[in-house]
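What follows is calculated from the coordinates using simple rules that are stated; it is not laboratory data. All values derive from a computational prediction rather than experimental measurement. Glycine also receives a Cβ, built like all others from the backbone with ideal geometry; neighbour counts cover every protein chain displayed.
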Number of protein chains: 2
Amino acid sequence: MSTDSQNYLLPAGLADGLPPDAAFEAVMVERLMAVFAAWGYERVKPPLIEFEDSLLSGPGAAMSAHTFRLMDPVSQRMMGLRADITPQVARIAASRLKNSPRPLRLSYAGQVLRVRGEQMRPERQLGQAGTELVGAPSAEADAEAVLLAVDALRQAGVPYLAVDLNLPTLTPSILAAHGVKERGVQEQALLIGALDRKDVAAVRKLSGDSAILLEGLLRAVGPAKQALAKLNALDLPAPAAAQRQRLNEVVDLILSAAPDLPLTIDPTDHRGFEYHTGITFSLLGRRVSGEFGRGGRYINQAGEEATGFTLYLNTVLAALPVPAAPRRIFLPRGTTPQQAASLRADGWVTIQDLGLAAVDPAAEAKRLGCQHLWNGREVQAL
Amino acid sequence: MSTDSQNYLLPAGLADGLPPDAAFEAVMVERLMAVFAAWGYERVKPPLIEFEDSLLSGPGAAMSAHTFRLMDPVSQRMMGLRADITPQVARIAASRLKNSPRPLRLSYAGQVLRVRGEQMRPERQLGQAGTELVGAPSAEADAEAVLLAVDALRQAGVPYLAVDLNLPTLTPSILAAHGVKERGVQEQALLIGALDRKDVAAVRKLSGDSAILLEGLLRAVGPAKQALAKLNALDLPAPAAAQRQRLNEVVDLILSAAPDLPLTIDPTDHRGFEYHTGITFSLLGRRVSGEFGRGGRYINQAGEEATGFTLYLNTVLAALPVPAAPRRIFLPRGTTPQQAASLRADGWVTIQDLGLAAVDPAAEAKRLGCQHLWNGREVQAL
């Protein structure tokens, strides 16, 4: 045994949650989950590990490179330590709950682990909370995902929240209609990269006869109504026009329910939306490093239309005001257990003397972070 | 993609938590944690994985054979996936919080993973919640650990709870005083095994001149007061007598605070108490498979006297009455977002129609498990 704390360094990207942060995180998770529950989303709890081939199926395929592997000594098969919970919930919907009525509303909260941290997000263990809405193809479903995330974050006390709507399938569908696909995968990737960077010159150079359209897309960015007006003025091919129509419906639904919500559109952005098949969104704060969360439409392992979102607890917690410390009262030796229980029932945090403070209860109380002392008859402020 | 749920079998001992169990578990964990917090125990949240050598240090050594190992690609060092949280909390007390005032009260809740399930407990992922009380050598500290566990389980709604106190260091200390140690490790192990089985004949055969004493110990079992009377009548060697004196003090403290608590003593039982150095206890239910939890005194990685306990959530949850289902109300298309928010604020779980139920809202409400329907003006029972 050693007191040398150098023996207790944690691996990079892993940390101990300490008081009072760990308690605050748990309280906030339950507050978010309570909002999800009030909207009819029922909680599921997938295991931390499962077989690699089920963990990385469907929407899970995108997480393969981020997932720790373990050998299961029981089955001799490879298992993965989950790097994301969404694919697990999609799996539950498609298997254990495949006979539950649709639309199926599910929620979850838990920890995920990643093989390596990212530059902007060095943590390798992350807390996630989120929802999935399965078997719901309508615009109302797209809007519900956004509005629920907004309600939960606002009820959690996030001081400023904006939503950015994206349509990551729009550009590929325009490119397909203009025959860019035939010009090869590499050229298409260059063009999508240029659109992501909003590099107008490169887009113009690469896009051939769709140049005017794509430049128009790049300009259809910003506050939802203005951006939609620009988007609606473009002459889109039929499949892309249908997607735009859906985006118009969803914007209307969101703004009629939450007229004060800062809502922006960036139709060409598709970074990080790897398995999505429709409208996606990011939940953004102000003076916050990273997003509060993101979500959007996808197809689950059973081929069902689904949408949902994941909140990143680190980012959410960092944006919230520090909670008030609880009222702690020191109970000197001889305080009856009944008296202690009565004070706890009144909302006090009681710190029972354990026989170390015979001399000066007030000093001992202060040493242990108590602002109050039970003097045998009443609460005494220190 | 496939709908074949055979693709989604989980590894043995791992399971999906489904509605309503997963939500119930989360609510009960937070209720237990709230009791711990009211007694001054502050929450910590160690990571799911850490370096093998820190995870398996001090009280963690006993879990080595149960722990999954992973290679850390960042440091190229071996990490372990925690099989128990107590050693992590002991590590935090001995390192990150080594300068916090003592006694230090910490609490935790989280998931642990085991390489293999046990016959009585096949699960390989288990939920734990517990507390550690560090730097507290007194009998009051031993009693506080028991009384806090009892208060938390009773507030959680456990219908019947009994506590069994053990003193796993008593027998070894008697054997040492009677020179059994010199007779070899194997003979000592045989004797301790016989005591665990309460095999009087074998104990008599193996124990030589300590036979009368050990037979007396085997009889000092049962309800605390009667068992203590028998134990107090034995002529124990000095170190064992000091341990007995502590047991007497702790029983007095527990019974004066919780006179109605079924409290038993089994001084020779030490099964499962592998790193303990003083009084230990098990929390037992009635018609429950396994214990609610267990705990006891140990020495942490910094050489500090500590005690604490772990609750096993599976067992606790299995003993609790099934919670009432929430009141669900179906909101047909056209219900305003403001109306929906108002119903949620009144405690309703709202299920918004997503455009699939134009024909018969009442039938759709029932299909989705709602006992109530919003008819545009009021709540209508179905």
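General remarks:
- Here is how far apart the A:Leu320 label points are across copies: 2.1 nm, shortest first, using a point 7 Å from Cα toward Cβ.
- Hydrodynamic radius by Kirkwood, which averages 1/r over all alpha carbon pairs of the stretch B:23-178, in angstrom: 17.5
- Beta-bridge orientation, the stretch B:328-381: approximately 35 percent antiparallel, per DSSP, counting only bridges with both partners inside.
- Bins of 5 Å, starting at 0 and running to the largest distance - Cα pair percent for the stretch A:141-215: 3, 14, 21, 16, 8, 8, 11, 10, 6, 2
- Along the stretch A:366-379 the Karplus relation, 6.51 cos²θ - 1.76 cosθ + 1.60 evaluated at θ = phi - 60°, assigns HN-Hα couplings of 5, 4, 9, x, 9, 8, 9, 9, 8, 9, x, 10, 7, 6 Hz to successive residues, with x for each Gly and Pro.
- Close amide H pairs (under 5 Å, H built 1.01 Å from N) link B:Val115 with B:Thr67, B:Phe68, residues at least 5 positions away or on another chain.
- Kirkwood estimate for the stretch B:169-269, i.e. one over the average of 1/r between Cα atoms, Å: 14.0
- Where labels lie 7 Å past Cα in the beta-carbon direction, separation of A:Lys205 and B:Asp346 in nm: 6.4
- Calculated FRET efficiency for the pair A:Asp196/B:Ala162, C-beta based, R₀ 56 Å, to 0.05: 0.30
- Rule-of-thumb Rg ratio for chain A [Cα; 2.2 N^0.38 Å; N residues]: 1.23
- Dimensions in Å of the stretch A:328-381 - Rg and Dmax from alpha carbons: 9.8, 28
- Additional length obtainable on full extension of the chain from B:Ser64 to B:Arg286, 0.36 nm per residue less Cα span: 76.8 nm
- Annotation for the stretch B:304-382: GluC sites (Glu not before Pro) lying in DSSP loop with at most 14 further Cβ atoms inside 10 Å of their Cβ are B:Glu378.
- One residue of chain B places its C-beta nearer than any other to the axis carrying B onto A; that residue and its whole-Å distance are B:Glu30, 3.
- Stokes-Einstein translational diffusion, the protein assembly as shown - Kirkwood Rh over all Cα pairs, 1.306 mPa s, 10 °C, in µm²/s: 55
- For the set B:Lys205/B:Lys230; A:Lys45/B:Lys98; A:Lys98/B:Lys366; B:Lys198/B:Lys225, the pairs lying more than 25 angstrom apart at their alpha carbons are A:Lys45/B:Lys98.
- DSSP-defined antiparallel bridges as percent of all bridges, the stretch B:1-144, nearest 5: 90
- Average Cα contact separation per residue, chain B, under 8 Å, 6 or more apart, as relative contact order %: 17
- Computed from backbone phi, the HN-Hα couplings of the stretch B:93-102 come to 4, 7, 10, 4, 10, 5, 9, 6, x, 9 Hz, rounded to whole numbers (Karplus: 6.51 cos²θ - 1.76 cosθ + 1.60, θ = phi - 60°; Gly and Pro given as x).
- Exam field: A:Ala65 pseudo-label spacings to other copies (7 Å along Cα-Cβ), nanometres: 4.1
- Alpha-carbon centroids, the stretch A:90-148 and the stretch B:314-329: separation in whole Å: 24
- Distances between placed amide hydrogens fall under 5 Å for B:Ile265 paired with B:Leu165, B:Gly222, B:Ala224, all partners being 5 or more residues away or on another chain.
- Compared with the alpha-carbon gap, the fully stretched path from B:Leu9 to B:Asp260 is longer by 85.7 nm at 0.36 nm per residue.
- In sequence order, calculated HN-Hα J values of the stretch A:140-151 (Karplus, 6.51, -1.76, 1.60; Hz; x Gly/Pro): 4, 5, 4, 5, 4, 4, 5, 5, 5, 4, 5, 4
- Between copies, B:Thr336 shows label-point distances of 5.6 nm, shortest first, with the point placed 7 angstrom from Cα along Cα to C-beta.
- With both residues required to sit in chain A, DSSP beta bridges show an antiparallel share near 80%.
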